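Here's the structure, in structure tokens; my notes come after.
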Amino acid sequence: MFRGEGETVEILSFIANNWLVILGLAGEHISIVVVAVGFAVLTGVPIGIAITQSKRVADMVLYAASIIVTIPSIALFGLMIPILSMIGQGIGWLPAVIAILLYSQLPIVRNTYTAITNVDPALREAATGMGMTPFQRLARLEIPIAIPVIMAGVRTAVVMNIGVAAIAAYIGAGGLGVLIARGISQTDPRQLITGAIAVSLLAIVADWALLKLQKRLTPEGLKR
Amino acid sequence: MIRLEDLTKIFRTPNGDVVAADRVNMEVPTGEICILLGPSGCGKTTALKMINRLIPPTSGKIYIDGKDTATLDDIELRRNIGYVIQQIGLFPNMTIEENICVVPRLLNWDAKKARDRAAELLDLVGLDARQYLRRFPKELSGGQQQRVGVIRALAADPPVMLMDEPFGAIDPINREIIQDEFLKMQSEMKKTIMFVSHDIDEAVKMGDKVAIFRAGKIEQYASPDRILAHPSNEFVADFVGADRTLKRLRLLTAEEVARSDAPITSRSTKIDDARQVLSAARARIAVVIDSDHRPVGFVTADEMTGASGTVRDLAHPLPATVPVRADLRAVVSEMFAQDTMWLACTDDQGRFAGVISQPDVTAALRATYTRDRRASEKLEAS
């Protein structure tokens with residue numbers, strides 16, 4: 001489909017003529033990922049902390065989260081159609097958000113769990129011995145120390161799911177995947193390549209922005 | 001005061017029960033340091049951690065200042081006990097100030113009061129508050145971190161402190177310095193302290209009392225000197241070492257042994273007069289002092305026999321002097337190094353403070369033995 005210089009010019013003129021549409025699709029894409037990963041943080045971090053209490057439960061939860069990730073995204077979307085149809089939401093934005101929320105659990109839960117369990121036992125002993133309650137210990141010591149690793153999990157989830165969200169176009173969720181899907185069905189390399197490049201750029205920019213955020217959130221005393 | 005009554009800990013493991021502490025009974029008087037000493041796995045750390053309930057006791061009672069601690073909840077109990085661990089455990093996400101203020105904050109102190117306290121404590125261990133309050137633990141050397149670890153435990157001024165090998169992770173030179181600093185602080189603070197160590201030298205230096213543990217039981221609980229002079233059994237004797245008498249040298253200072261009435265003379269004194277001083281004192285050697293009362297040399301009776309002139313003609317220079325505050329180990333070490341039977345002592349201003357001889361040192365060590373023997377004979381007679 002791609003034959004050289006002429007194509008490049010065509011793609012650039014396509015982008016120039018349709019940049020408002022592309023931006024709109026990018027906005028949809030971002031909204032799916034941000035909402036889904038946002039909820040994944042709200043659920044995954046508490047789960048990751050909770051399972052530090054029992055190695056057995058932790059193993060089970062992490063195993064379940066790993067299994068979810070092995071389900072191909074297109075299959076997961078298919079599975080959700082009959083379930084969410086019951087509330088009239090079989091296709092569109094909601095199943096996409098739910099799928100990504102599920103995929104995000106593994107990196108976020110696992111990184112939270114690992115970071116909290118890796119806090120130096122001596123620090124934990126000092127905190128307990130000085131009279132901190134378990135909650136105070138968590139809030140003042142363990143979570144601040146775990147922040148860089150938890151944020152790394154969030155980054156993994158975001159980058160991974162920007163790709164997954166592209167496929168959600170097939171269940172009518174919108175987003176930059178629309179360009180790719182149309183490019184394939186209409187054999188239009190301009191749309192296909194524009195969509196692919198936009199998704200990649202979005203992933204790179206999101207990763208960079210989250211790295212900045214991670215550095216900001218890391219307590220000063222833990223920075224190298 | 002800390003009192004332990006029949007304190008017992010049994011760990012239930014798949015391979016059967018392990019008795020880590022077996023009916024431990026002891027009492028640490030207010031203001032004293034008690035060292036829990038023993039080989040690893042002897043139960044000393046378990047005993048310590050039962051006091052702030054990091055390890056819940058299986059049975060037995062713990063009283064602090066007469067109060068049964070079982071009536072307090074864990075959190076309240078711990079906030080009123082200073083706790084120092086070997087790994088220091090400074091929180092890396094907090095500044096030095098925040099670290100020191102952890103317990104004051106937990107106790108809802110006024111922020112300003114807590115800050116002032118942090119600065120005061122830093123000054124106490126010789127760290128400039130303006131420079132260090134805002135720093136993070138990783139920016140401090142090991143010795144500085146250890147000092148902060150100790151003052152963090154002191155922040156809310158708890159009456160009781162538990163210290164689990166607090167100076168174990170520092171190099172020997174810094175350890176000596178920090179131990180000395182801590183003893184100086186303790187002489188003012190008068191905290192009641194339980195201190196776990198595996199180092200007999202540290203125990204002798206730091207402890208008012210030493211409890212020797214083996215397999216969860218106290219083998220002997222007594223003053224360092226008593227343990228070194230009269231180990232109650234073979235195990236204690238082995239543990240404190242074959243050189244235990246030499247270790248006792250550290251417990252005495254030159255001041256306690258030196259003869260401050262040793263004969264003195266000056267350079268311009270006539271030999272005849274000096275000889276008379278010596279025979280009056282029934283001594284063979286006189287220390288020569290200068291106009292500031294500083295020891296500068298010595299003369300011997302033998303050399304003065306039949307001589308004339310002044311002391312200046314016969315005086316020998318002193319091989320060395322020792323500060324009168326030095327412990328006997330340092331004194332004996334200097335005697336051996338100089339190959340001499342005696343040394344002149346000086347006070348803080350460098351003035352002559354007496355003469356200490358090898359027989360004096362030996363007699364001092366022997367004195368404890370005979371005194372104790374007499375005491376025990378008296379006990380048996382009564």
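The values are calculated or read from the model by the stated rules, or taken from the named source; none is laboratory data. Note that this is a predicted model, so its numbers are computed, not measured. Ideal geometry is used to build each Cβ from the backbone, glycine not excepted, and the neighbour counts take in all protein chains shown. Ligands, DNA and RNA are excluded from the accessible area calculation, which covers all protein heavy atoms including side chains. Shrake-Rupley method; radii C 1.70, N 1.55, O 1.52, S 1.80 Å.
A few comments on the model shown:
- B:Asp339/B:Lys190 FRET efficiency (R0 45 Å; Cβ-Cβ; nearest 0.05): 0.55
- Student exercise, the stretch B:2-248 dipole from Lys, Arg, Asp, Glu Cβ charges, in Debye to nearest 20: 420
- The GNM of chain A, with springs linking C-alpha atoms under 10 angstrom apart, assigns the highest mean-square fluctuation among A:Pro82, A:Pro148, A:Pro107 to A:Pro82.
- Mean accessible surface per residue for the stretch B:2-248, computed with a 1.4 Å probe while every protein chain stays in place, in Å²: 42
- Averaged over peptide B:93-105, the number of partner chain Cβ atoms lying within 10 Å of each residue's Cβ comes to 3.
- The stretch B:63-183: C-alpha gyration tensor shape, a/c 1.5 cut-off, then a/b vs b/c: oblate
- Between the residues B:Thr362, B:Ala344, B:Gly297, the greatest Cα displacement towards the positive end of the dipole of the stretch B:254-362, with unit charges on the Cβ of Lys, Arg, Asp and Glu, is found for B:Gly297.
- Candidate residues A:Phe39, B:Phe182: accessible-area rank, largest first, probe 1.4 Å: A:Phe39, B:Phe182
- Separation of the alpha carbons by more than 30 angstrom is noted, of B:Lys190/B:Lys217; B:Lys49/B:Lys184; B:Lys44/B:Lys112; A:Lys55/B:Lys217, for B:Lys44/B:Lys112; A:Lys55/B:Lys217.
- Within 10 Å of the Cβ of each residue in A:114-126, the mean number of Cβ atoms contributed by other protein chains is 3.
- Chain B, relative contact order in percent, only Cα pairs under 8 angstrom and at least six apart counted: 15
- Largest-first principal axis extents of the Cα set of the stretch A:115-224 (Å): 68, 29, 16
- Per residue, the average separation of C-alpha pairs within less than 8 Å and at least 6 apart gives the stretch B:254-362 a relative contact order of 31 percent.
- On association of chains B and A, roughly 2000 Å² of accessible area becomes buried (total for both chains; probe 1.4 Å).
- Relative contact order (percent, whole number), chain A, Cα cutoff 8 Å, 6+ residue spacing: 27
- Positive end of the dipole of chain A (Cβ unit charges, origin at the Cα centre): among A:Met160, A:Pro95, A:Tyr170, the Cα lying farthest that way belongs to A:Met160.
- Selection from B:Cys34, B:Gly306, B:Pro224, by position along the positive dipole direction of the protein assembly as shown (Cβ): B:Cys34
- Pairwise FRET efficiency - A:Gln53 versus B:Asp110, Cβ, R0 = 51 Å, nearest 0.05: 0.90
- Chain A shape via C-alpha gyration tensor axes, a/c threshold 1.5: prolate
- GNM remark for chain B: springs join alpha carbons under 10 Å apart, and the peak mean-square fluctuation among B:Arg105, B:Arg248, B:Arg53 falls on B:Arg105.
- Peptide B:68-76 shows a mean partner chain C-beta count of 1 within 10 Å per residue C-beta.
- In Å², nearest 10: area of B:Asp327 left accessible to a 1.4 Å probe: 40
- ³J(HN,Hα), Karplus 6.51/-1.76/1.60, whole Hz, each residue of the stretch B:43-55, x for Gly, Pro: x, 5, 5, 4, 4, 4, 6, 6, 5, 9, 6, 5, 10
- For the protein assembly as shown: rounded, prolate or oblate by the Cα gyration tensor [a/c cutoff 1.5]: prolate
- For chain A, built as a Gaussian network whose Cα springs stay under 10 Å, the top-fluctuating residue of A:Glu28, A:Glu125, A:Glu142: A:Glu125
- Beta bridges per DSSP with both ends in chain B, % antiparallel, nearest 5: 60
- Gain upon complete extension [B:Glu76, B:Arg259; 0.36 nm per residue less C-alpha separation]: 60.5 nm
- DSSP beta bridges in the stretch B:131-267 [antiparallel fraction, %, rounded to 5]: 50
- Across B:Ser291, B:Ser266, the residue with the most accessible area heads the list, and the full order at a 1.4 Å probe is B:Ser291, B:Ser266.
- When +1 charges are put on Lys and Arg Cβ atoms and -1 charges on Asp and Glu Cβ atoms, the dipole computed for the protein assembly as shown relative to its Cα centre reaches about 1080 debye.
- Once all protein chains are placed together, B:Arg275 keeps about 70 Å² accessible to a 1.4 angstrom probe.
- Pairwise label distance in nanometres, A:Ile71 with B:Ala363, each label 7 Å out on the Cα-Cβ vector: 9.3
- Net charge of Cβ neighbours under 14 Å - reference B:Ala155; Lys, Arg +1; Asp, Glu -1: +2
- Dipole in debye (nearest 20) - chain A, about Cα centre, beta carbon charges: Lys, Arg +1; Asp, Glu -1: 600
- Ordered from highest to lowest accessible area with the whole protein assembly present and a 1.4 Å probe, B:Tyr83, B:Tyr63 read as B:Tyr63, B:Tyr83.
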